[in-house]
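A short worksheet on the structure shown next.
The values are calculated or read from the model by the stated rules, or taken from the named source; none is laboratory data. Every value quoted in this text rests on a predicted model; they were computed, and no experiment measured them. All Cβ positions, even for glycine, are placed from backbone atoms using ideal geometry, and neighbour counts span all protein chains on display.
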């Protein structure tokens, strides 16, 4: 079954959509929407589409071409309006992360998609990376030699050297733009978050108008506690993921892959890391597109569906409320 799509936002981050939907025979690009004339011309040449397939607005494309779905890789502030336009036209909708930076709007978008009878997904591509997929496999298979048991202690620390704010020029942009990846993974691995306490900050050297860094403790209903740090205004790029259970620890640092460390046999002891086999996977965005296709054609709801993504957006909202109000925020407050 071939599904026709309108691609909205095809410069910068949106280039992945042009490349993947053009190469995948299950999809047909019906139109490209991009206000930047240079980006639009480049994408038209790449896909071989005629100039008549290029538009500066989604409304223009919807009036002129037949399509089944809208794919949006636009700034986060536009995700809601673009989605509503797609839903009103009866189109399935795949949008770049984060779904939105407004919790109430997130709930409304999911409801509107369901009311329109269309499929709605969020491109949380980190779920489909080899290391993250390997972790998911280890945690879900109690017979695996790399199974650490139920996770209760987690460190997820990501320092990013990103000195130019660019589109991250609104309050708590780091949460809605990047923490959404991290807490999406944590939700997939640990379940529902129960409460959050967070602190946002901005170093003196930062070029960001608003806080660019956040540190938090996230407690999950499962009993797991995550020590979480994200910095955009860092001076080093560094990533650390540690998940500890009774049988051992899964650890990914700034090195390829994941290692499993069995629980030591002696007080204050240590163990040797064992490399966890990595799956051979296409780029993460292809995994997103594959699941979106199955959702439309077979009705198989993926973890990245709009409805499931509310669990991710809920943690983002809790991080923001806690940092802004300087208090512990519980999931029960969100409604």
Is there any pair linking a residue in the range 93-119 that is farther than 17 Å from residue 70 by Cα and assigned by TED's automatic domain parsing to the domain that holds residue 81 to one that is assigned to a helix (DSSP H, G or I) and at pLDDT below 95, with Cβ under 6 Å and at least six apart or on different chains, and which?
101/76
Per the list (1) buried (at least 19 other Cβ atoms within 10 Å of the Cβ); (2) touching a residue at least 60 places away in the same chain (Cβ under 8 Å); (3) not in a helix (DSSP H, G or I), residue check on residue 66 breaks on (1)
Look through 216, 188 and report the one residue that is within 30 Å of residue 301 (Cβ to Cβ), outside the structural domain of residue 97 (by TED's automatic domain parsing), in a strand (DSSP E or B) and modelled with pLDDT of 95 or more.
216
Hey, any hits in the range 257-272 for a residue that's in the same structural domain as residue 160 (by TED's automatic domain parsing), in contact (Cβ under 8 Å) with a residue 24 or more places away in the chain and under 27 Å from residue 122 (Cα atoms)?
yes
Please verify whether the range 163-170 includes one or more residues that are closer than 23 Å to residue 227 by Cα and either outside the structural domain of residue 97 (by TED's automatic domain parsing) or under 16 Å from the mean Cα position of the chain (by Cα) (or both).
no
When you scan the range 3-21, how many residues do you find that are part of a loop (DSSP other than H, G, I, E, B) and modelled with pLDDT of 95 or more?
1
Hey, which of the strands (runs of 3 or more DSSP E) in the range 222-287, taking only ones fully inside, have at least 1 residues that are under 21 Å from the mean Cα position of the chain (by Cα) and buried (at least 17 other Cβ atoms within 10 Å of the Cβ)?
225-231, 233-245, 248-252
Would you check which residues across the range 127-162 are out of contact with any strand residue (DSSP E or B) (no Cβ under 7 Å at 6 or more places or on another chain), assigned to a helix (DSSP H, G or I) and either outside the structural domain of residue 246 (by TED's automatic domain parsing) or in contact (Cβ under 8 Å) with a residue 12 or more places away in the chain (or both) and list them?
127, 128, 130, 132, 133, 134, 136, 137, 139
Criterion violated by residue 87 - all others in (1) over 18 Å from the mean Cα position of the chain (by Cα); (2) part of a helix (DSSP H, G or I); (3) over 18 Å from residue 119 (Cβ atoms) satisfied:
(3)
Please go through the range 322-334 and pick out each residue that is crowded, with 19+ Cβ neighbours inside 10 Å and not in a helix (DSSP H, G or I).
329
Is the range 204-216 home to any residue that is out of contact with any helix residue (DSSP H, G or I) (no Cβ under 7 Å at 6 or more places or on another chain), surrounded by fewer than 20 Cβ atoms within 10 Å (Cβ to Cβ) and under 25 Å from residue 305 (Cβ atoms)?
no
Looking only at residues in the range 227-255 that are in contact with a strand residue (DSSP E or B) (Cβ under 9 Å, 6 or more places away or on another chain) and free of Cβ contacts under 8 Å to residues at least 24 places away in the same chain, which one is nearest to residue 148 (Cα to Cα)?
251
Of the residues in the range 127-168, how many are buried (at least 19 other Cβ atoms within 10 Å of the Cβ) and under 30 Å from residue 90 (Cβ atoms)?
2
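For the range 288-310: of the residues being in a helix (DSSP H, G or I) and without any contact (Cβ under 8 Å) to a residue 60 or more places away in the chain, which is farthest from residue 113 (Cα to Cα)? Let's see the steps before the verdict.
First pass over the range 288-310, keeping only residues in a helix (DSSP H, G or I): 288-298, 306-310.
Cutting the leftovers down to without any contact (Cβ under 8 Å) to a residue 60 or more places away in the chain gives us 290, 294, 298, 308.
On the way: 290: 20, 294: 17, 298: 17, 308: 13 Å.
Ranking the candidates gives 290 first.
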Among the residues of the range 198-209, is there at least one that is in a helix (DSSP H, G or I) and touching a strand residue (DSSP E or B) at 6+ places or on another chain (Cβ under 6 Å)?
no
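Does any residue of the range 46-61 turn out to be free of Cβ contacts under 8 Å to residues at least 24 places away in the same chain and on the phi > 0 side of the Ramachandran plot?
Yes; the residues of the range 46-61 include at least one that is free of Cβ contacts under 8 Å to residues at least 24 places away in the same chain and on the phi > 0 side of the Ramachandran plot.
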Given the options 319, 313, name the one that is surrounded by 19 or more Cβ atoms within 10 Å (Cβ to Cβ), assigned to a helix (DSSP H, G or I) and under 13 Å from the mean Cα position of the chain (by Cα).
313
